[in-house]
Amino acid sequence: MKVSTLVDFFDRLYPFALAEDWDNVGLIVGDSKAEVTGVSFCLDVTHDVLDEAIEAGCNVIVTHHPVIFRSIKRLNSAELQGGLVAKAFQNGVSLIALHTNLDSAIGGLNDTLCE
């Protein structure tokens with residue numbers, strides 16, 4: 001399966017259109033044409049999360065909080081955000097964010113918490 005197919009699957013389950021205007025959801029970093037070798041899930045992308053995914057052979061990380069939230073003024077690998085994006089690209093890892101769309105969708109996070 002291609003990364004784009006996985007992104008489309010998540011868009012059907014948790015429509016990206018439900019995301020708040022200020023949010024950043026969907027494929028944030030990566031190659032939509034890459035074949036998925038494994039998927040890892042997390043709340044926040046960290047260097048440890050990336051290392052674990054890479055070690056496990058996962059080239060997709062689905063995160064609740066997007067690694068890129070607002071406009072980027074610079075990507076410097078010495079800074080946290082730039083370092084995470086650089087490490088993901090260097091290792092062929094795609095980052096997909098499901099944030100407020102997952103919160104708001106029928107059967108999503110808020111529904112699950114209410115149950």
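The values are calculated or read from the model by the stated rules, or taken from the named source; none is laboratory data. Everything quoted here is computed from the prediction, not taken from an experiment. Here the Cβ is made from the backbone with ideal geometry for all residues, glycine too, and neighbour counts use every protein chain on show.
Checking the stated criteria, SER94 turns out not to satisfy the condition of being farther than 23 Å from THR37 by Cα, in contact with a helix residue (DSSP H, G or I) (Cβ under 6 Å, 6 or more places away or on another chain) and modelled with pLDDT of 80 or more. For segment 79-93, the criterion of a residue being touching a residue at least 12 places away in the same chain (Cβ under 8 Å) and at positive phi is satisfied by at least one position. Residue count for segment 31-51, restricted to those that are touching a Cys at 6+ places or on another chain (Cβ under 8 Å) and either surrounded by fewer than 15 Cβ atoms within 10 Å (Cβ to Cβ) or aromatic (Phe, Trp, Tyr) (or both): 2. Number of residues in segment 85-115 that are of a type in the set (Asp, Glu) and closer than 19 Å to VAL7 by Cα: the value is 1. Within segment 59-83, the set of residues being modelled with pLDDT of 85 or more and under 13 Å from HIS47 (Cβ atoms) comprises ILE61, VAL67, GLY83. Being within 20 Å of SER4 (Cβ to Cβ) and in contact with a helix residue (DSSP H, G or I) (Cβ under 7 Å, 6 or more places away or on another chain) is not true of LEU75. The number of residues in segment 96-115 that are outside any loop (DSSP other than H, G, I, E, B) and free of Cβ contacts under 8 Å to residues at least 60 places away in the same chain comes to 7. All conditions but one from (1) surrounded by fewer than 19 Cβ atoms within 10 Å (Cβ to Cβ); (2) under 15 Å from the mean Cα position of the chain (by Cα) apply to VAL85; the one that does not is (1).
Residue-wise test of (1) surrounded by fewer than 17 Cβ atoms within 10 Å (Cβ to Cβ); (2) among the hydroxyl-bearing types (Ser, Thr, Tyr).
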residue	(1), (2)
ILE72	yes, no
SER77	yes, yes
PHE89	yes, no
ILE96	no, no
ASN101	no, no
